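Encoded as structure tokens, the structure appears first; notes follow it.
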Amino acid sequence: MNMNTIDLRRLHVRPGEVRQEAVEVALEPFLLGGQRYESHPETVPVNVQITQATGTTVFDLRLHARLGGPCMRCLGFAEVEVDASARELYDPAAPSGDSLRSDYVVDDELQVGAWARDAIALALPEQILCRPDCAGLCPTCGKDLNVEPHEHVERDVDPRWAPLEELRERL
Ligand SMILES: [Zn+2]
Ligand SMILES: [Zn+2]
């Protein structure tokens, strides 16, 4: 049994009818900026409401997921909670590419897995951080600034010594 799709023919929702479907979607890890973010647990419950109007079917998706992976600033463990909702329309008479003809409906099957994945990707914050004020890694020495807060005092070169510095560099 494929958990990631809903067979619309089997459901046979009649015009004016509203149906609720719960699908357990198995999520592959997300790759962001070269890092892996995994869903905990691996499967996410996805709620899909199917409303059949005349001609057009309306799909409303809702899900809650939790992803874990490296903090984008300090590489420590970070977790992000995602609440996503999305709507798709499907009218079999609409031309392909039309917004009334959802790309997630293929051969009378709603591709809940692919849709849920895209909805999560859209809902993710730009930065996944261990905490909002993560200090990150020191750009000079690479140490974790959360563990060891420090600054590097820049050595001021007396302008009068500049020619000498230049000379030293050339030697
Ligand atoms: Zn961090
Ligand atoms: Zn440093």
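The values are calculated or read from the model by the stated rules, or taken from the named source; none is laboratory data. Please read these numbers as outputs of a predicted model, since none were measured by experiment. Note that each Cβ is placed from the backbone with ideal geometry, even for glycine, and that neighbours are counted across all protein chains shown. To get the accessible areas, we keep the full protein, side chains included, count just its heavy atoms, and leave off ligands, DNA and RNA. Shrake-Rupley method; radii C 1.70, N 1.55, O 1.52, S 1.80 Å.
Note the full-extension length gain between Glu169 and Ala93 as 0.36 nm times their separation in residues minus their Cα-Cα distance, in nm to one decimal.
In short, 19.9 nm is gained.
Per 0.36 nm of contour for each residue apart, how much would the distance between Ala22 and Asp107 grow if the chain were fully extended, relative to their Cα-Cα spacing?
Details: separation 85, 0.36 × 85 = 30.60 nm, distance 2.01 nm.
Additional length available on full extension: 28.6 nm.
Remark: the Leu31-Ala123 segment gains 31.7 nm on full extension, using 0.36 nm per residue and subtracting the alpha carbon distance.
Summarising the overall dimensions of the stretch 16-81 from its C-alpha atoms, the Rg and Dmax are 16.5, 53 angstrom.
A 1.4 Å probe, protein heavy atoms only, puts the accessible area of Cys134 near 10 Å². For the residues Val147, Val13, Val48, a GNM of the chain with alpha-carbon springs under 10 Å puts the largest fluctuation on Val147. Axis angle, to the nearest 10 degrees, between helix 112-123 and the longest C-alpha principal axis of the chain: 40 degrees. Of all the options Gly55, Gly68, Gly34, the one that moves most in a Gaussian network model of the chain with Cα springs shorter than 10 angstrom is Gly34. Placing unit charges on the Cβ atoms of the charged side chains and taking the dipole of the stretch 5-154 about its Cα centre, the candidate lying farthest along the positive direction among His64, Tyr90, Gly136 is Tyr90.
Each 5 Å bin from zero up to the one holding the largest Cα-Cα distance in the chain carries the following percent of pairs: 1, 7, 13, 14, 11, 10, 8, 7, 6, 5, 4, 3, 3, 3, 2, 1, 1, 0.
Pop the C-beta distance of Thr43 and Cys141 into the FRET formula with R0 = 41 Å and round what comes out to the nearest 0.05.
0.45
In whole percent, and with a 1.4 Å probe on the protein chains, what portion of the accessible area of the chain is carbon and sulfur? Intermediate values should be presented prior to the final figure.
Details: 5750 of 11360 Å².
The C+S portion of the solvent-accessible surface of the chain is 51 percent.
Considering only Ala65, Ala121, Ala93, the Gaussian network model of the chain with Cα springs below 10 Å gives its largest mean-square fluctuation to Ala93.
Note on Arg9 and Arg160: their simple-model spin labels are 9.1 nm apart, each label 7 Å out from Cα toward Cβ.
Within the stretch 31-135, the GluC sites (Glu not before Pro) that combine a DSSP coil assignment with at most 13 other C-beta atoms in a 10 angstrom radius are Glu42, Glu126. For the set Asp91, Asp133, Asp118, solvent exposure ranked by accessible area (probe 1.4 Å, protein chains only) runs largest to smallest as Asp133, Asp118, Asp91. Surface analysis of the chain yields an accessible area of 66 Å² per residue, using protein heavy atoms and a 1.4 Å probe. Which log10 I(q)/I(0) values does the stretch 42-119 give at q = 0.17, 0.21 Å⁻¹ under the Debye formula, counting every alpha carbon as one identical point scatterer? Once normalised to I(0) and log-transformed, intensities are -0.71, -0.92.
In percent, what relative contact order does the chain have, based on Cα pairs under 8 Å that are 6 or more apart in sequence? Let's see the in-between values first.
Numbers: 294 pairs, mean separation 32.4, N = 171.
Normalised by residue count, the contact order of the chain is 19 percent.
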